[in-house]
């Protein structure tokens, strides 16, 4: 699975080029066609085995996984050489202080390293130490001596991403790993694995852009593909650490892929939910339901395309999403691959009827 390389690639919403190139290199020999649309979506087509059968009506199944990650954009270069930034996607101000970031393009001399800076605790009045500094009060320090020095290396409009190395934390049963942008590079890694199998129907594997800023890539891709059914692959919320409150976690690491029944962007097609659960039970695969309606996924845009598309989201539980570092179980990711491949093979029966 290509998760390490995908996690360490940089691709804030609207600048997914490096991630797209990495994916295309990985899938080129697994697909029959591909194109990149105006928003940067990578649309890969794997022809179905029954497409030449004159007695069959060709069907299209779309599986989406978004390439983009949350991050920042430089909006101003200060006289002292520090950089003002704005968030791209949903980020919590509480997790930004002192994080290492990379600014600018990977090409040429490469990105510039920096630190999101703020006053040390010694200089913060006691009555303000319990408050969270807003992003407007923060700045990225790239070690420049002044504005002119900074402008030699960065410019307004440059993207800023977190600098995090992928690392295996536990090689045991769950095989936990930590890294950047598991939301949704784990979905991209899973979709690549799904493409290794052949299916009766035409499979449209769509690696989408700008999900974190409004499901934008999926919206135009679904209109273009016009699929019969669709799946979205995600890295989703996980809050399974010990809590004083007696409540069920949204998802749990190590308990298998999470099937979304409903979130803030869509209600899952119950026929597809049934397909997934019955397949998991028949194959003895673990699965769980996402027990919260927070957030949205590409399914939210896909299911509204044209005259409507039956859609469902399947996700890998990830602790600390929309933060610099996330954690997941490789066992969950592999079980998601197994569930999706088996469900797609079972789906062939319904689509051929």
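Just the residues that are loosely packed, with under 13 Cβ neighbours inside 10 Å and within 22 Å of residue 202 (Cβ to Cβ), please, taken from region 50-83.
52, 53, 54, 55, 57
So which residues in region 1-20 are surrounded by fewer than 18 Cβ atoms within 10 Å (Cβ to Cβ), under 14 Å from residue 162 (Cα atoms) and touching a helix residue (DSSP H, G or I) at 6+ places or on another chain (Cβ under 6 Å), if there are any at all?
none
Report yes if residue 228 is surrounded by fewer than 19 Cβ atoms within 10 Å (Cβ to Cβ), closer than 22 Å to residue 202 by Cα, in contact (Cβ under 8 Å) with a residue 40 or more places away in the chain and in contact with a helix residue (DSSP H, G or I) (Cβ under 9 Å, 6 or more places away or on another chain), otherwise no.
Yes.
Any residue in region 155-170 that is assigned to a helix (DSSP H, G or I) and at negative phi?
No: region 155-170 contains no residue that is assigned to a helix (DSSP H, G or I) and at negative phi.
Hey, could you check region 249-265 for residues that are farther than 18 Å from residue 331 by Cβ and crowded, with 18+ Cβ neighbours inside 10 Å and say which is farthest from the chain's Cα centre (by Cα)?
Looking at the filtered set, the residue picked out is 250.
Exactly one of these conditions fails for residue 130: (1) buried (at least 20 other Cβ atoms within 10 Å of the Cβ); (2) at pLDDT below 95; (3) farther than 30 Å from residue 333 by Cβ. Give me its number.
(1)
Is region 188-206 home to any residue that is assigned by TED's automatic domain parsing to the domain that holds residue 37, free of Cβ contacts under 8 Å to residues at least 24 places away in the same chain and under 15 Å from residue 69 (Cα atoms)? Write out each step before concluding.
Step one: filter region 188-206 for residues assigned by TED's automatic domain parsing to the domain that holds residue 37, giving 188-206.
With the extra rule that they be free of Cβ contacts under 8 Å to residues at least 24 places away in the same chain, the set shrinks to none.
Looking through region 188-206, none of the residues is assigned by TED's automatic domain parsing to the domain that holds residue 37, free of Cβ contacts under 8 Å to residues at least 24 places away in the same chain and under 15 Å from residue 69 (Cα atoms).
Of all residues being within 27 Å of the chain's Cα centre (by Cα) and not in a strand (DSSP E or B) in region 109-127, which is surrounded by the most Cβ atoms within 10 Å (Cβ to Cβ)? Just the residue, please.
The qualifying residue surrounded by the most Cβ atoms within 10 Å (Cβ to Cβ) is 111.
Going through region 237-261 one residue at a time, which ones are at pLDDT 95 or above and in a strand (DSSP E or B)?
258, 259, 260
Among residues belonging to region 285-296 that are modelled with pLDDT of 95 or more and in a loop (DSSP other than H, G, I, E, B), point out the one that is nearest to the chain's Cα centre (by Cα).
Looking at the filtered set, the residue picked out is 287.
Name the one entry in 268, 282, 305, 315 that is buried (at least 22 other Cβ atoms within 10 Å of the Cβ), assigned by TED's automatic domain parsing to the domain that holds residue 209, modelled with pLDDT of 95 or more and over 18 Å from the mean Cα position of the chain (by Cα).
Going through 268, 282, 305, 315 in turn, the sole match is 268.
Just checking: which of the strands (runs of 3 or more DSSP E) contained wholly in region 45-101 hold 3 or more residues that are more than 23 Å from residue 185 (Cα to Cα) and touching a strand residue (DSSP E or B) at 6+ places or on another chain (Cβ under 8 Å)?
By residue number, 71-77, 83-88.
The values are calculated or read from the model by the stated rules, or taken from the named source; none is laboratory data. Keep in mind that what you see is a predicted model, and the values were worked out from it rather than measured. Because the Cβ atoms are built from the backbone with ideal geometry, glycine has one as well, and the counts that use them run over all protein chains shown.
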